[in-house]
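K.L.:
This is the structure I want to talk about, given as structure tokens.
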Amino acid sequence: MSFTVAIVGRPNVGKSTLFNRLVGKKLALVDDLPGVTRDRRPGDAKLIDLRFRIIDTAGLEEAHEDSLEGRMRAQTEAAIDEADVSLFLVDAKHGLTPMDKTLAEMLRRRNKPVVLVANKSEARGSDAGFYDAYTLGLGEPCPISAEHGQGMIDLRDAIVAAIGEEKAFGEEDVAETDVEIRPTEEELDDENYEPVYDDTKPLRIAVVGRPNAGKSTLINRFLGEDRLLTGPEAGITRDSISVEW
């Protein structure tokens, strides 16, 4: 992938919905309950003629750094620092909040490319929220509907304008098509069936267990970094997260 994009914004502005649309799969949990996404989730995205790596993030909130929300914020800030450009989502339907303005200031201080995205712009009464987004000082907002797929061409153009054509259309890594070979029903019914191990593909490991057994801590130990949220709270990880090792 030639570049990396981080999707950021306060809770419930549609970040995971946009992530799922761009990766073409329902990889991230989507719910009306705020705070469903906690860890940063990477994926391979496609937008018209663009191919890039995308990172879904937790909703940004003001919080003490030692709290769960503060640790979620640190994960999101790590994604912003890693990305070449951030898509800053605001909710055009419900309008701006003080948190939107705080986050806009934080993004400006980082001095990295930002595309301001006014999501839910298809909703009745969203015009006021769209025009209010200009007051954030991050340029012209790009109106989209992540749920319905509207405005994707404009979003593509805004990303190219933010990072430049050379970065947007740079040479992509050449990789073999990853085709997953699944066993047939007859093979699964055969008690003597043994799955074929393909040593040309990376080994995949699933870490499972009951809440607070130390799954995320073990993965962080493997990776040598605090990649996943950990803490004394039960059920911190709400979603399955795929990471390269």
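We did not get these values from a lab; they are worked out from the coordinates using the rules stated. Quick caveat: nothing in here was measured; it's all calculated off a predicted structure. Because the Cβ atoms are built from the backbone with ideal geometry, glycine has one as well, and the counts that use them run over all protein chains shown.
K.L.:
Below 18 Å, Cα to Cα, which lysines can K46 reach? Residues fewer than 8 away in the same chain don't count.
P.N.:
Within reach: K15, K25, K26, K167.
K.L.:
With the Cα gyration tensor of the stretch 4-168 giving a ≥ b ≥ c as the square roots of its eigenvalues, does the rule (a/c under 1.5 for rounded; else a/b larger than b/c for prolate; else oblate) give rounded, prolate or oblate?
P.N.:
In terms of gyration-tensor shape, rounded.
K.L.:
Decide, for the stretch 76-138, between rounded, prolate and oblate: order the square roots of the alpha carbon gyration tensor eigenvalues as a ≥ b ≥ c, take rounded if a/c falls under 1.5, and otherwise choose prolate if a/b is larger than b/c, else oblate.
P.N.:
Prolate, since a/c reaches 1.5 and a/b exceeds b/c.
K.L.:
Oh, and also: First select every other residue whose beta carbon is under 10 angstrom from the beta carbon of N119; then total the charges, Lys and Arg +1, Asp and Glu -1.
P.N.:
0
K.L.:
For R156 and R204, calculate 0.36 nm times their separation in residues minus their Cα-Cα distance, and state this gained length in nm to one decimal.
P.N.:
Full extension from R156 to R204 adds 14.0 nm.
K.L.:
Here's a follow-up. Quickly rank 39-45, 6-12, 102-108 as a protection proxy: mean count of other C-beta atoms within 10 Å, highest first.
P.N.:
6-12, 39-45, 102-108
K.L.:
Here is a further query. Want the number for R51 to E105: 0.36 nm per residue separation, take away the alpha-carbon distance, what's left?
P.N.:
16.6 nm
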